[in-house]
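Below is one structure; the comments refer to it alone.
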Amino acid sequence: MAMLFALALVALLGGAIAASEDDVASGVCSGSCHLHPKLRERIQKDVAWLDDIGGITDAMIRNISLVCDVNIRHQCNVQATRMMIKDGEIYLNSLHPEWRLGPHEFIGFLLELYEASKISKLPDLEFAWNGNDDAADPAFTWTNRAKLEARFHGGPFPILAWSKSERSFASLVPYSGAFRCSEDSFDNMLHRLEELKRVPWHERKKVAFGRWNMFCATYTYGQEALPSGELYTCPRAYLPSQNVKLPEHMDILPLGAANGGPARGTPVPLFHQNAYRYLVSTDGWAVSSKFDKYLLLGSLVIKAASSRKGYYYDALAPDVHFLPCMNQSLGDIVERVKWALEHDAEAQKIAEAAQTFAVKHLHRGARLCYYRTLIEEMGKRMKFTPDCANRKLCIPLGRFLEFLAGTPRYAHSCRLQEVLIRYGVDRSMPQYNASSDADITELLKDPKHWPRDTDIPSLRHEPYFPGRARRARQQRHRQ
């Protein structure tokens, strides 16, 4: 049985390695690490403020403690998980609470970062990771970028996020959980690319297909008016109303209907959505976790405009890799679908360009290269030497991944053993034995565990992360 598991693991990794044999992945193992120029520009853009502010200081890192108020309200300790890289090893300086470890967002990020650290020695660094869907929460936005003034009263600090607006001081990273953890993950779909290609273009239905859960993020009501003069509104609520204008060629429906809302759409597994010639993508609470996979499917992607960005979005060009909609007028998707119907060869060319881009630039090797490059750039801006002795919590990431892999509740949230078997864990570190399974379990049980190491008093009331009731009031006001 162990031999069969090992062979299956080798086959899985072999597929990932085979998919990464191109110029982008050529430098992942050692030496130079090559990225798409636009991805490298994104990294430089995201870290530019660190140069303006004078680099990453110890005080800046300790001030992350101020994200939470005295009572640690509104799950504020989920918003910024603190981490350290020291002598190539990664440590956790705070933890997600137990209830937040079920979803794969955090665990996927940890696995990808750990893997990057084993392929290349990463520089010393301290930073945080945004545990919410979107890093445009008020705490992580600029009030005046030119003056380096942020909404967060502790000042800006280095934080990684998989979705943000340009108003955020976060640095973008891949949505690693969606790329590698789920059954319909990008990596699984890439491994089955030849199977996906078996549906030729001429056999795909001439239908713009879209399915999503019915909710509207508050940020959608704060976007600028469209060139048509119309106020932007929630794509997930608006686009289904356009089906009646082109009923034979549009099938855009929410999966769940709100009271009095539009009809419920029939779910279609992601692997089978390449039966449609056109796929409609909308963002949710953050960037869509399906958009990356849509690019792989070989269909023409029609993407609703959004203020949210993913780490590779700058490398995509509208009308080259996808068709934009809701960027000129609310109902312009109808004209986009008509254009695709009348320009079939050009639509197919855009679909093929998207698939080529995804295969070449979004595979695991390329993502690890992105992590490495970002961490190296941030490391150049460090102005102090990190040390576990100066932090109240310092759990080696390898030790924490072992704990997750050995705990039934978390063991199958992502392919933990794949990484642990391949790279192992250094058990000789002093901090390894300082964190037993029992110790970690107790820390996770405390939903308000939040190490503080700043001399600045915490606020009495946390103003940054509104609870559900306040979010609902904000949304009604913006409507």
Assigned charges on the beta-carbon of Lys, Arg, Asp, Glu; the chain dipole about Cα centre (debye):
980
Could you check the simple spin-label distance between Glu195 and Glu335, using points 7 Å along Cα→Cβ, in nm with one decimal?
4.1
At a threshold of 8 angstrom on Cα-Cα distance, excluding pairs fewer than six apart, so keeping six or more, what relative contact order does the chain reach in percent?
26
Where in segment 285-306 does the amide nitrogen come within less than 19 Å of the point 7 Å from the Cα of Val268, taken along Cα to Cβ?
289-304
Computed FRET value (nearest 0.05) for Thr441 with Leu246, which takes r as the C-beta separation and R₀ as 41 Å
0.15
Label-point separation in nm, Ala48 to Thr385, each point 7 Å along Cα→Cβ
3.4
Determine, for Ser241, Ser329, the number of other Cβ atoms within 10 Å of each Cβ, and report the residues in order from fewest to most.
Ser241, Ser329
Only counting other Cβ atoms within 10 Å, I'd like Asp453, Asp332 sorted with the fewest neighbours first.
Asp453, Asp332
Can you work out the FRET efficiency for the pair Ala353 and Arg145, with r the C-beta to C-beta distance and R0 = 22 Å, to the nearest 0.05?
0.10
Whole-Å distance, taken between Cα centres, linking segment 361-423 and segment 272-349:
32
In which sequence would Asp455, Asp133, Asp439 go, from the one with the fewest C-beta neighbours within 10 Å to the one with the most?
Asp455, Asp439, Asp133
DSSP H segments from the chain that extend 20 Å or more along their own axis, Cα-based, with Kyte-Doolittle mean of 1.0 or above:
2-19
Evaluate the distance, in nm, between pseudo-label points positioned 7 Å from the Cα of Glu98 and of Asp344 along their respective Cα→Cβ axes.
5.9
Mean projected area (nm²) of the alpha-carbon convex hull when segment 51-169 is viewed from all directions
7.8
Just need the relative contact order of segment 129-184 here, percent rounded to a whole number, with Cα pairs under 8 Å and 6+ apart.
32
Cross-link table Lys118/Lys448; Lys38/Lys205; Lys205/Lys303, entries beyond 30 Å C-alpha to C-alpha:
Lys118/Lys448; Lys38/Lys205
What aspartates and glutamates sit close enough to Lys383 to cross-link, taking a C-alpha to C-alpha distance under 16 Å and skipping anything fewer than 8 places away on the same chain?
Asp51, Asp52, Asp58, Asp87, Asp124, Glu126
Stretch His461-Ala411 to full length: gain in nm at 0.36 nm per residue minus the Cα-Cα span?
14.4 nm
Cα extents of segment 186-361 along the principal axes, largest first, in whole Å, come to 41, 33, 31
Segment 186-361: relative contact order from alpha carbon pairs under 8 Å, six or more residues apart, as a whole percent, is 26
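The numbers here are math on the coordinates, done by the rules we state, and not lab data. As the structure is a computational prediction, the values presented were derived from the model and not from experiment. Here the Cβ is made from the backbone with ideal geometry for all residues, glycine too, and neighbour counts use every protein chain on show.
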